[in-house]
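Chemist: What follows is a single structure, and I will ask about it in a moment.
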Amino acid sequence: MRPPMHDPILPGATIGVLGGGQLGRMFAMAARRLGYRVHTLAPEHDTPTGQIADVEIEASYEDLDAVRAFARRVDVVTFEFENVPAAAAEAAATVTPVRPSGSALEIAQHRTREKTFLVKHGFPTAAFAVVASERDLVAAAQIGCPAVLKTAALGYDGKGQVRVDETKALADAWRELGHREAVLEAFVDLEREMSVIGARGVDGAFSHFGPIDNDHRHHILDISVAPSTVAPMLSAQAVEATRAVMETLGYVGILCIEFFVTRNGALLINELAPRPHNSGHLTFDACRTSQFEQQVRAICGLPLGSPELLQPAAMANLLGDLWLDGTPNWQAALAHPAVKLHLYGKTDPRRGRKMGHLTALAATADDARGLVVQARDRLLARAGE
């Protein structure tokens, strides 16, 4: 018999994960270590999450009967992938607790709803305009150029984005996106990009991992470093904004907020990610409690763990490009004992596909960054080099 909605869901219970990617894989590792069983549902078989879970269900998120049947066999449902349809979250919620809620997911997975929510509640964002019809193009042009046009839904890692350098090119950019609803965002004069990963429990308790500095390459996260070197005042503002967003949403679980810091010292919210985040992978090795264990604790009503950073750390993504000339040289990359390797169980390396990551720990953040970049470079070294 399932416990009442707000009673703790204790070890030995079963957690359901909608989504089958690497975030779910690392979540399942943390959950199983705590003594939980894990079921996963995704449209594919032998997924990164499914390789670790106790039960893997292959079904479409649009198959609401399958989603409800899945939810009946678990004690709580969470997400590792924000593009699960809101209808699937609603269907699961008729059977068992869903954390974070489907309403929070619906806001965070859609740029128009996300930006509208942030502005309504007074959170800072870059200037933007919604483009849903030909008529909107005229008003959107007031944003100015350069700008970037992004699809409102299903965009990530640079997909569904077109740079617009002249207002006269806006119509062509929207045509390139298939005339789908989109958001035109003004370019920001960036000093840095950073993220804050917050956790909020069933009882409203809040915890965070502190700002993490992020570098992107071709719109995909490349390097993350903790602790951030951002000014203490901006760090405090980012943490407070994260707490306030989570409270406003009535959020339970892990939420990552990606921030822009402008050269004139302004802090802007770029995106909300209603799940663990790529930039938080380093917490697996560097923190007393990882973002994945914290997600388990939050959604199950357990006390949140300490997010303390035990040592400065850096993470480097490993994309499928590294496999183009053969198997990477794992021995060379792991020659330094402070470097950790995480592979996601994917068998089909492709350009731009996230296959794994490296984490390095060191005495300083700069040392950790240098070490993880060096280790990744060594992956391409051939025998005898």
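The values are calculated or read from the model by the stated rules, or taken from the named source; none is laboratory data. These figures come from a predicted structure and were not determined experimentally. Glycine gets a Cβ as well: all are built from the backbone with ideal geometry, and neighbour counts include every protein chain shown. Areas reflect the complete protein model, heavy atoms only, side chains present, ligands, DNA and RNA absent. Shrake-Rupley method; radii C 1.70, N 1.55, O 1.52, S 1.80 Å.
Chemist: Based on this model, can you work out whether Val67 counts as open to solvent by less than 40 Å² (accessible area, probe 1.4 Å) and in a loop (DSSP other than H, G, I, E, B)?
Modeler: Details: open to solvent by less than 40 Å² (accessible area, probe 1.4 Å): yes; in a loop (DSSP other than H, G, I, E, B): no.
In short, no.
Chemist: In the stretch 86-97, how many residues are open to solvent by less than 20 Å² (accessible area, probe 1.4 Å) and not in a helix (DSSP H, G or I)?
Modeler: The total comes to 2.
Yes or no, residue by residue, for (1) over 21 Å from Cys256 (Cβ atoms); (2) open to solvent by 40 Å² or more (accessible area, probe 1.4 Å); (3) within 23 Å of the chain's Cα centre (by Cα); (4) not basic (Lys, Arg):
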| residue | (1), (2), (3), (4) |
| --- | --- |
| Ser103 | no, yes, yes, yes |
| Ala126 | no, no, yes, yes |
| Arg135 | yes, yes, no, no |
| Gly160 | no, no, yes, yes |
| Thr167 | yes, yes, no, yes |
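Chemist: Any idea which residue in the stretch 70-85 is farthest from Leu343 (Cα to Cα), counting only those that are out of contact with any Leu (no Cβ under 8 Å at 6 or more places or on another chain) and open to solvent by 50 Å² or more (accessible area, probe 1.4 Å)?
Modeler: Arg72
Chemist: On to the next question. Please tell me if Leu318 is part of a strand (DSSP E or B) and either surrounded by fewer than 19 Cβ atoms within 10 Å (Cβ to Cβ) or of a type in the set (S, T, N, Q) (or both). Steps first, answer last, please.
Modeler: Numbers: part of a strand (DSSP E or B): yes; either surrounded by fewer than 19 Cβ atoms within 10 Å (Cβ to Cβ) or of a type in the set (S, T, N, Q) (or both): no.
For Leu318, the condition - part of a strand (DSSP E or B) and either surrounded by fewer than 19 Cβ atoms within 10 Å (Cβ to Cβ) or of a type in the set (S, T, N, Q) (or both) - is not met.
Chemist: Give the stretch 165-190 a look and list any residue that's under 21 Å from Arg217 (Cβ atoms) and modelled with pLDDT of 85 or more, or say none.
Modeler: Glu185, Phe187, Val188, Asp189, Leu190 - these are the residues of the stretch 165-190 that are under 21 Å from Arg217 (Cβ atoms) and modelled with pLDDT of 85 or more.
Chemist: Kindly check whether there is at least one residue in the stretch 42-58 that is closer than 30 Å to Gly356 by Cβ, small (Gly, Ala, Ser) and surrounded by fewer than 24 Cβ atoms within 10 Å (Cβ to Cβ).
Modeler: no
Chemist: Is it fair to say Gly370 is in a helix (DSSP H, G or I), surrounded by fewer than 21 Cβ atoms within 10 Å (Cβ to Cβ) and not charged (D, E, K, R)?
Modeler: When the stated conditions are applied, Gly370 passes them.
Chemist: Which pairs have Cβ atoms under 8 Å, sit 6 or more apart or on different chains, and link a residue in the stretch 281-302 that is closer than 14 Å to Tyr36 by Cβ to one that is of a type in the set (Phe, Trp, Tyr)?
Modeler: Once the first residue is closer than 14 Å to Tyr36 by Cβ and sits in the stretch 281-302, its partners that are of a type in the set (Phe, Trp, Tyr) give Phe292/Phe27; Phe292/Phe284; Gln295/Phe27; Val296/Phe27; Val296/Tyr36; Cys300/Tyr36.
Chemist: If you don't mind, another one. For residues that are more than 15 Å from Val372 (Cβ to Cβ) and part of a loop (DSSP other than H, G, I, E, B), scanning just the stretch 321-346, find the one that is modelled with the lowest pLDDT.
Modeler: Per the stated criteria, the residue is Asp325.
Chemist: Tell me which of these Thr112 doesn't satisfy, since it passes every other one: (1) touching a residue at least 60 places away in the same chain (Cβ under 8 Å); (2) buried (at least 21 other Cβ atoms within 10 Å of the Cβ).
Modeler: For Thr112, the exception is condition (2).
Chemist: Now for a separate question. Touching a Phe, Trp or Tyr at 6+ places or on another chain (Cβ under 8 Å) and not hydrophobic (A, V, I, L, M, F, W, C), is that true of Pro97?
Modeler: Details: touching a Phe, Trp or Tyr at 6+ places or on another chain (Cβ under 8 Å): no; not hydrophobic (A, V, I, L, M, F, W, C): yes.
Here the answer is no, as Pro97 does not meet what is asked.
Chemist: Here is a further query. Give the residue, chosen from Arg33, Arg25, that is within 20 Å of the chain's Cα centre (by Cα) and of a type in the set (D, E, K, R). Spell out the reasoning first.
Modeler: Working: Arg33 fails: within 20 Å of the chain's Cα centre (by Cα).
Among Arg33, Arg25, only Arg25 is within 20 Å of the chain's Cα centre (by Cα) and of a type in the set (D, E, K, R).
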